[in-house]
Structure formats: C-alpha cells, structure tokens
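Chemist: Structure in structure tokens, see below.
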Amino acid sequence: MRLITSIFNFYLNASVHVALAVMALTSVTLFLLDIPLNYLLLGFTGCSTVVCYNFIKYGVEAEKYLIVSNRYHRYIQIFSFLCFGVALYFLAQLDQRIWLATGVLGLVSALYAVPLLPKSGNLRSLGGMKIFVVALVWAGFTIILPVLDAQFPYSWDIGVQFVQRFLLVLILILPFEIRDLKWDSKDLRTLPQILGVQKTRKLGVGLIIIFLLLTFLRDDIDTAEVVSRIIVGLVLLGLFRSKLDFGKRYLASFWIEGIPLFWLGIIWVLGKLI
C-alpha cells in the first residue's frame, strides 16, 4: 500500500497528471475540429508540460535553477530531463510553425519563473498575473498548436474556442488559488487575496456561465460538443457552489485537475452515441 501511495504521489508531484490533462484538452480540440489524432503532437504536448511545470515548481527554488535541494526532487529532475529529451524528439518531427509557436509560449512560461534581467522581477512577481499567464499558455498549447499543425485557417469559431479554453483554465486554477491562500506570499496578490474566498467562488460561477454561453456564439455547433460542455459546466458549478474544502488532499490536485480527462471521456462516449 505504501508503494502504491508513493507512486501515486510521484505521479502528481512530477506533473504527470497535469500533463495528461493538457493532452486531454489537446485531444478535445482535435475532436471538435475533426482533426485526425497526431500522436507526435500529443507526445510533445505531454512531455513539454512535465518539463515546464516541474521547472516552475522546483527550478525556481533550486540554486541557479538546476541544483535541487533533496533526493526526491532530484528524482523528479531526472524524470523531467528524460521528458525534455523525448519532447525534443517529437518536436523535431513537427512543422516549423510549431517550433515558432512553442518558442513564444516557452518564453512566456520561462519569464513566469525567471527574471528577464538580473535585477528585474519575473511575471509571477506581478500581482494577479499568475493565472492569466498559465491560462494563456494552456490555451496556446491546446488550441493554437493543433490548429497550426493541421494548417487550419483562422476562423471565428477557432477564436471562440480559444477564449473558452482560456476561461476554462482560469476556472480550473481558482480552486488551486483558494487552496494555496494560506501559503502564498501576499506580494503575489492572487484573486483570493484580493477578493476573498467567497467572491472568488462567485467569480468562478460567473466565468462558468460565460464559458457555457460562448458555445452558442459559434457558427458551427456540434450536438456532442454542446452536451459535453453543459455536463462539464454543471460539474464545475457544483464544485464552486458546494462547501467542499479545496484544500483537502487530492481534491484539487487530482480530481479538479482531472476534469479535462473527464471532458474527453464524455466527448468520446457522446461521439459514439450521437
């Protein structure tokens, strides 16, 4: 039992779960736009997410962003280096436009943790910027990269999907902001620090409603997509209107972060039925 718990905790701490969530959102985009699965793109997305998240979580605390402080983090670092190598392998086989877009998104991610100049702050130090930077990068990886890879022309529907994806990631981040309220530095000026927990929950409800309503602004609306978004929206509404403690172990880090996997499963089932 202890071994299973250790493996599960490593699965969460090494950002494998969040990587699967990003891959799930990318797969959702491929399904909604009727694009064939590109396993190279999915593999690159997952491996690069592990590298990016682990660098942000552990690199900023390491000496010169490289030397970690304990053995457990060293195992995560080794795992991240392996994922980095695999990500480069996948990237080398993708279109050069993916390289450019990845470079831009990677720069934004790096500036989130690393100062642009030695005496300047990083994006994380700018009050309230944290969730918007993360949401922008997630939306870029899960919407822009698949569209570029499929050589889709820009359209109104893709723009709406990008905004919806941005909002969805913001919604998914809010429980983590509430969970980390007691540990976050006041300099971060997170939304729960500025608004308080209850107003942050109400903001989440408002964003969920906007997320759902935007679906009907699409020119081409798929029945499976509408039903799946409504189900996911209702689940999120239930979470934000409930009295569940987001700080409870595994609630945010596993169940809420796993909602993209749940959404992908719903779309897959509805695609078979409808």
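Chemist: Among the numbered conditions (1) over 15 Å from residue 253 (Cβ atoms); (2) in contact with a helix residue (DSSP H, G or I) (Cβ under 6 Å, 6 or more places away or on another chain), tell me where residue 15 comes up short.
Modeler: For residue 15, the failing item is (1).
Chemist: Okay, moving on. From 21, 101, grab the single residue that is modelled with pLDDT of 90 or more, of a type outside the set (Asp, Glu) and crowded, with 20+ Cβ neighbours inside 10 Å.
Modeler: 21
Residue-wise test of (1) modelled with pLDDT of 85 or more; (2) out of contact with any Cys (no Cβ under 8 Å at 6 or more places or on another chain); (3) not aliphatic (A, V, I, L, M).
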site	(1), (2), (3)
112	no, yes, yes
119	no, yes, yes
136	yes, yes, no
140	yes, yes, yes
148	yes, yes, no
151	yes, yes, yes
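Chemist: Something else about it: From the list 192, 260, which one is assigned to a helix (DSSP H, G or I) and over 30 Å from residue 37 (Cβ atoms)?
Modeler: The match here is 192.
Chemist: Residue 124 versus (1) modelled with pLDDT of 75 or more; (2) among the basic types (Lys, Arg); (3) surrounded by 16 or more Cβ atoms within 10 Å (Cβ to Cβ): which is the lone unmet condition?
Modeler: Of everything listed in (1) modelled with pLDDT of 75 or more; (2) among the basic types (Lys, Arg); (3) surrounded by 16 or more Cβ atoms within 10 Å (Cβ to Cβ), residue 124 misses just condition (1).
Chemist: Give the residue, chosen from 80, 69, that is part of a helix (DSSP H, G or I) and either in contact with a helix residue (DSSP H, G or I) (Cβ under 8 Å, 6 or more places away or on another chain) or at pLDDT 90 or above (or both).
Modeler: Criteria check complete, one pass: 80.
Chemist: Could you tell me whether residue 215 is surrounded by 15 or more Cβ atoms within 10 Å (Cβ to Cβ) and hydroxyl-bearing (Ser, Thr, Tyr)? Before the answer, list the steps.
Modeler: Details: surrounded by 15 or more Cβ atoms within 10 Å (Cβ to Cβ): yes; hydroxyl-bearing (Ser, Thr, Tyr): yes.
Answer is yes for this residue.
Chemist: Can you confirm whether the range 185-198 contains a residue that is surrounded by fewer than 19 Cβ atoms within 10 Å (Cβ to Cβ), more than 22 Å from residue 255 (Cα to Cα) and acidic (Asp, Glu)?
Modeler: yes
The values are calculated or read from the model by the stated rules, or taken from the named source; none is laboratory data. Fair warning: this is a prediction, and the values are worked out from it, not measured in the lab. Positions of Cβ are backbone-derived with ideal geometry, glycine not excepted, and every protein chain shown enters the neighbour counts.
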